[in-house]
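The values are calculated or read from the model by the stated rules, or taken from the named source; none is laboratory data. Treat the numbers as computed from the prediction; the structure is a model and nothing was measured. Glycine also receives a Cβ, built like all others from the backbone with ideal geometry; neighbour counts cover every protein chain displayed. Areas reflect the complete protein model, heavy atoms only, side chains present, ligands, DNA and RNA absent. Shrake-Rupley method; radii C 1.70, N 1.55, O 1.52, S 1.80 Å.
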Amino acid sequence: MFRTNSFWTLTLAVAMTAGSTTLVAQDATNAPAAAPAAEARPDDLSIDSLAPVAEPLDMSLFAIPENASAEELLKFIEELQGKLPEPKSQMEMLQLMEALTKTFSDVADRILAMENVAPEVREQATQLKVVALTAKSRIEPKAVEELSAFVDSLLAEAKDTEAKIKAYQLKLQVLVSGAQGDPTVLDKVDALAAEILKNEDEELQILGMEVKAQTLLSKGQSDPAAYDALQKFAEETIAANKSAKLVEKAQEVKLLAMLAAADKDEANVAALDAYFEELFAKELSAESKSNIYRLRLQTLMQGENPDVAKTMAVAERMIQEDDAELKNLGQAVKGQMLIKEAQADASKLDAVFAFADELLAQADLSAEAKEQAVGSKIQAYLLKSQAEPAAREELLAFLDEQLAAEQTEEFLGRLAEMKVQLLLNAAAENAEKIPDVEKALEQLSEIATVKENLDSTKALLAMLKIENLAKTNGTVEELNAVLDSLKQAASASPVVLNIVLQLQDDIATIGENAGTPDLYSKVLADFIAFCNASENEEIKAFASQFQGVLDLESLPGKDLALAGVVAGETPDQKFDNASVAGKVYLVDVWSTNDPSYFESIEDLKDLYSRYQPKGFEIVGVNLDENTQMLTRAAEVFATTWPIISKKLSDDAGVELPAVLANAKPGTKILVGQDGKVMLIASDLTAVEDGIASVLGKVEKQAPAEEPAADNAAAESAESAAAEAAADEAAPAPAKVKEPVRKN
């Protein structure tokens, strides 16, 4: 809705904690224009006042090319980003920040001093200067005045409305970006809005309204009276009736004030509904009408339980509009609401099918509307299939019908992907459907998205085949044929080799059924040779992973020496093998990405509590690349044993034993009092039997009633660690865009 939403700025983001510096394009209303504020420093603090750093910065990186054009200078700034060193301390970060901001400022000054520079290039240079001065003000507070003076000079030099708008927006940006810890910033922005509103120009008046609206909406979060003030301001502007455009903008601002008030107090909802109806009855410009419709939909559809009846009424009204975009959106929203009703009452699925068929029968239906109608029908079939599995076949027939029809290339790809996914799901439930997947891949292989994902799809198919061979007493020859197909797929997508690691149990089962108990070790040896012989570096890298697993297979009876950095309050704390010397201990390899971790953690804690008094210990080995997930899981489940982190070990240059680094999450290695591996298992039953054989059996106590809070904690941890897996295959439903104002 607001012009400032489309106004971009180059932003210098200096991340003090992450130690990275990047130049990115960012929305001026969503982020500050420079580095986050560092700790308070004396006004005279500069790099010169700090002790010398161990590794002086290579200043040649910042040498600006002589006699370069404006475009070449901007390209130099862009390329500089990829050459910046990673700062190893705050002192190095400050040195880097000072050099970078000076370079930004100097480049900007050169461009702004040039004649006949393209407007868009001059604008980028202006932004660059603002970014440099804003970043400089983080180190040298005196630079704030320089920044303010520069922006004021732009405003003074602005000759036309567009230039003034950009200058005012920069001034707003500077106010907001320097607002950290300033309780008066909203008052300052409000004063800027008043200054802008003094201009008689219509476009500047609109900008002033937008800035004032943003200010009062922000104030209203702590003082609802600000919403009343904004509504009064809008009503006064409407009454002044200076122009139709200003009146329409004021009406939208009034709506925003009433929306915010209704969010705070439901007693205001009736007045909001009435005002929407009042506006719908007016003669509005296409832009204003679109904004108001979108605001209405946002109001009705927010939250998990939208007002279906009211939303449907608005959608029906939109369908009657002449504007094609509004009509399409109305049709999409109606389809979504019909689906919503059908989710609550399956008897209403017929209404979804009828509406979709009605749209698809229209000869002049736009491509976008057609895709929405097809998407609604697909969702209806998916809902129907939950109660009637036969509906999947109906859906496949409908997909074939649409694949044969004229579609946009992108939508055709989505339909093809969905068909393949449905067939893969069916094959996962019934191996007899595997040939259907192979046939579909052959038929659809020329469609771009299917072709792009062909190797990964074939890998999934290979996984299903191996799982089926394990269930049906498949032969080693059949397994080898599938593994050969994996090797072929690996040439285009090396990641498919992970399947050999993931299906260890299935391959071992095939070997046991065929009288070849060491089959998995033979498969690993074969793939190690395959990887080592490959010229593809990614494939070669898998050889060490396979070797690690092969080493794990041969580990029982051998010594196991642990190494790595232990997660905890003390940085770089290395694991001490003496802490487990002479004890029976379990090495528990885990990852928060592995669902079995959440399923087994309470049993593991119970095992520890029963046997720890008899000299039993646990050492966790976490394979996560994100130590925050490790910390969160350890806190929620209150584990007390040491946990070696692969991530922390890698960062500290401490090499985790390959046999552990390459182990499958869920692997459990039991080590005896003599330091030799007793057994390797994936479940705790075998582990406890091994412990009991040495320390004696300790029976479980009668379980106490589990507090509800523990369940909530477990769910919280799992939710934080696991990614959402329910990604619907159907084309995405329509999204209601935020109302925008065209420049």
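Looking at the stretch 269-311 only, could you name the residues that are surrounded by fewer than 17 Cβ atoms within 10 Å (Cβ to Cβ), over 29 Å from Lys219 (Cβ atoms) and of a type in the set (S, T, N, Q)? Correct list: Ser285, Asn305. Only one entry of Phe598, Phe542 meets the criterion of being aromatic (Phe, Trp, Tyr), open to solvent by 10 Å² or more (accessible area, probe 1.4 Å), farther than 19 Å from Ala634 by Cβ and touching a residue at least 12 places away in the same chain (Cβ under 8 Å), and that entry is Phe542.
Restricting Asp455, Asp436 to those that are at pLDDT 90 or above, open to solvent by 20 Å² or more (accessible area, probe 1.4 Å) and either out of contact with any Ser or Thr (no Cβ under 8 Å at 6 or more places or on another chain) or not hydroxyl-bearing (Ser, Thr, Tyr) (or both) reduces the list to Asp436. When we screen Lys171, Lys164 for residues that are charged (D, E, K, R), touching a helix residue (DSSP H, G or I) at 6+ places or on another chain (Cβ under 8 Å) and free of Cβ contacts under 8 Å to residues at least 40 places away in the same chain, the only hit is Lys171. List pairs: first in the stretch 56-76 and farther than 23 Å from Arg122 by Cβ, second modelled with pLDDT under 90 and aliphatic (A, V, I, L, M), Cβ under 9 Å, 6+ apart or cross-chain? Short answer, once both residue conditions are applied: Leu57/Leu96; Leu57/Ala99; Met59/Ala99; Leu61/Leu80; Leu61/Leu84; Leu61/Ala99.
Out of Glu203, Glu236, Glu266, Glu210, one residue alone is out of contact with any Gly (no Cβ under 7 Å at 6 or more places or on another chain), surrounded by fewer than 19 Cβ atoms within 10 Å (Cβ to Cβ) and under 17 Å from Leu170 (Cα atoms). It is Glu203. Among the residues making up the stretch 515-527, those that are in contact (Cβ under 8 Å) with a residue 40 or more places away in the chain and more than 40 Å from the chain's Cα centre (by Cα) are Thr516, Leu519.
Taken together, the criteria exclude Asp187 from residues that are acidic (Asp, Glu) and either outside any helix (DSSP H, G or I) or in contact with a helix residue (DSSP H, G or I) (Cβ under 6 Å, 6 or more places away or on another chain) (or both).
Yes/no per residue for (1) loosely packed, with under 13 Cβ neighbours inside 10 Å; (2) in contact with a helix residue (DSSP H, G or I) (Cβ under 8 Å, 6 or more places away or on another chain):
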residue	(1), (2)
Glu71	no, yes
Lys75	no, no
Glu78	yes, no
Gly82	yes, no
Pro85	no, yes
Gln90	no, no
Leu94	no, yes
Glu98	no, yes
Ala108	no, yes
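Looking across the stretch 551-568, the residues that are surrounded by fewer than 19 Cβ atoms within 10 Å (Cβ to Cβ) and part of a helix (DSSP H, G or I) come down to Asp551, Glu553.
Of all the listed residues (Leu230, Leu217), the sole one being under 32 Å from the mean Cα position of the chain (by Cα) and closer than 26 Å to Leu300 by Cβ is Leu217. Any residue at all in the stretch 567-580 that's in contact with a helix residue (DSSP H, G or I) (Cβ under 7 Å, 6 or more places away or on another chain) and of a type in the set (A, V, I, L, M)? There is at least one residue in the stretch 567-580 that is in contact with a helix residue (DSSP H, G or I) (Cβ under 7 Å, 6 or more places away or on another chain) and of a type in the set (A, V, I, L, M). Would you confirm whether any residue within the stretch 294-306 is of a type in the set (Ser, Thr, Tyr) and free of Cβ contacts under 8 Å to residues at least 12 places away in the same chain? Among the residues of the stretch 294-306, not one is of a type in the set (Ser, Thr, Tyr) and free of Cβ contacts under 8 Å to residues at least 12 places away in the same chain, which makes the answer no. Residues that are within 19 Å of Lys646 (Cβ to Cβ) and either of a type in the set (Val, Ile, Thr) or open to solvent by 40 Å² or more (accessible area, probe 1.4 Å) (or both) within the stretch 581-594 comprise Val587, Val589, Thr592, Asn593, listed in sequence order.
Within the stretch 131-150, is there a residue that is open to solvent by 40 Å² or more (accessible area, probe 1.4 Å), out of contact with any Leu (no Cβ under 7 Å at 6 or more places or on another chain) and more than 21 Å from Phe104 (Cβ to Cβ)? No, because not a single residue in the stretch 131-150 is open to solvent by 40 Å² or more (accessible area, probe 1.4 Å), out of contact with any Leu (no Cβ under 7 Å at 6 or more places or on another chain) and more than 21 Å from Phe104 (Cβ to Cβ).
Would the stretch 394-417 turn up any residue that is hydrophobic (A, V, I, L, M, F, W, C), in a helix (DSSP H, G or I), at pLDDT 90 or above and surrounded by fewer than 14 Cβ atoms within 10 Å (Cβ to Cβ)? The answer is yes, given that some residue of the stretch 394-417 is hydrophobic (A, V, I, L, M, F, W, C), in a helix (DSSP H, G or I), at pLDDT 90 or above and surrounded by fewer than 14 Cβ atoms within 10 Å (Cβ to Cβ).
Before we move on, is Lys377 surrounded by 21 or more Cβ atoms within 10 Å (Cβ to Cβ) and basic (Lys, Arg)? Considered against the rule, which asks whether it is surrounded by 21 or more Cβ atoms within 10 Å (Cβ to Cβ) and basic (Lys, Arg), Lys377 comes out as yes.
Scan the stretch 569-580 for residues that are in contact with an Asp or Glu (Cβ under 8 Å, 6 or more places away or on another chain) and crowded, with 16+ Cβ neighbours inside 10 Å and report the count. Total satisfying the criteria: 1.
Apart from one condition, Asn116 fits all of (1) open to solvent by less than 50 Å² (accessible area, probe 1.4 Å); (2) at positive phi; the exception is (1). Annotation note: Cβ proximity below 8 Å between a residue of the stretch 269-286 that is among the hydroxyl-bearing types (Ser, Thr, Tyr) and a residue that is in a helix (DSSP H, G or I) (sequence gap 6+ or interchain) occurs for Tyr275/Lys254; Tyr275/Leu255; Tyr275/Met258; Ser285/Ala244; Ser285/Lys245; Ser285/Glu248.
Could you please find all residues in the stretch 392-413 being in contact with a helix residue (DSSP H, G or I) (Cβ under 7 Å, 6 or more places away or on another chain) and either of a type in the set (D, E, K, R) or within 19 Å of Ile434 (Cα to Cα) (or both)? Across the stretch 392-413, the qualifying residues are Arg392, Glu394, Leu395, Leu396, Leu399, Glu409.
The residues in the stretch 151-185 that are among the small types (Gly, Ala, Ser), at negative phi and open to solvent by 60 Å² or more (accessible area, probe 1.4 Å) can be counted, and the count is 1. The residue list Val420, Val352, Val437 contains one member that is more than 30 Å from Leu464 (Cα to Cα), assigned to a helix (DSSP H, G or I) and touching a residue at least 24 places away in the same chain (Cβ under 8 Å), which is Val352.
Considering only residues in the stretch 114-165 that are of a type in the set (Asp, Glu) and under 35 Å from the mean Cα position of the chain (by Cα), the one that is farthest from Leu100 (Cα to Cα) turns out to be Glu120.
Looking across the stretch 573-604 at every residue that is in a strand (DSSP E or B) and β-branched (Val, Ile, Thr), the one that is farthest from the chain's Cα centre (by Cα) is identified as Val584.
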